[in-house]
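Asks: Shown below is the structure under consideration.
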Amino acid sequence: MNLGFLASHNGSNMQAVIDACRSGRLAASPVVVISNNVDSGALERARNERIPCFHLSGRTHPDPEDLDREIVDVLLEHDVNLVILAGYMKKIGPVTLATFPGHIINIHPGLLPEYGGQGMYGRRVHEAVLAAGAGTTGATVHVVDAIYDNGPILAQKKVRVKKSDTAGSLAKRVLEIEHELYVDTIGRIARGEIKLP
């Protein structure tokens, strides 16, 4: 199974998946990384791992339709079977969704369907969890569709919220389980234990 990554920032979830592939824990190959941020840590990680990588964004392709098609072309050129979002901050275009139906997955730093939707990402999720006084939070791996955080849920893992938690401390603990959950879920997809829609 060939994995293509879309990432915007540091790419730590991407690195966890790459490390699992390199160690043999995952029967998959990381074959390409695309970032909309030319200065992203994800592109630096890809270069360090000698994985082909590309900066594709509104700067390189001002027309959103052209950008969408170029992303698809790059993914297809590298024979990608599964598209992994790793902190990708842009909405997936209709051509990409149509080309990889049910085969684009994302990890969200909360227990969907709570604390999801447009504008709910990263620190904002953890702040909302704390503001609500929730006792548990966690991470969710889901299939990506045309609506933010809406696709079928594939796996979830919970984290207890401590009274002493800040958004920062909660983010750190959730990120640790994101790495485990993403690798585990991709492994289950690779082994056929999870059937993608």
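Asks: For segment 62-84, what are the residues that are free of Cβ contacts under 8 Å to residues at least 24 places away in the same chain and not in a helix (DSSP H, G or I)?
Replies: Pro62, Asp63
Asks: Report whether or not Asp39 is modelled with pLDDT of 95 or more, buried (at least 19 other Cβ atoms within 10 Å of the Cβ) and acidic (Asp, Glu).
Replies: no
Asks: Further question: So, restricting to helices (runs of 4 or more DSSP H) that lie completely within segment 94-197, which ones have at least 3 residues that are of a type in the set (Gly, Ala, Ser)?
Replies: 123-132, 167-190
Asks: For the structure I just gave you, tell me whether Pro109 is loosely packed, with under 15 Cβ neighbours inside 10 Å and closer than 18 Å to Ile147 by Cα.
Replies: Taking the combined requirement at face value, the residue does not satisfy it.
Asks: Only one of Asp145, Asp149 is of a type in the set (Asp, Glu) and buried (at least 19 other Cβ atoms within 10 Å of the Cβ). Can you tell me which?
Replies: Numbers: Asp145 fails: buried (at least 19 other Cβ atoms within 10 Å of the Cβ).
Answer to the check: Asp149.
Asks: Now for a separate question. Report, by residue number, each residue of segment 108-164 that is within 19 Å of Glu176 (Cα to Cα), touching a Lys or Arg at 6+ places or on another chain (Cβ under 8 Å) and not aliphatic (A, V, I, L, M).
Replies: Gly135, Thr136, Thr137, Gly138
The values are calculated or read from the model by the stated rules, or taken from the named source; none is laboratory data. None of these values were measured; they are calculated from a predicted model. All Cβ positions, even for glycine, are placed from backbone atoms using ideal geometry, and neighbour counts span all protein chains on display.
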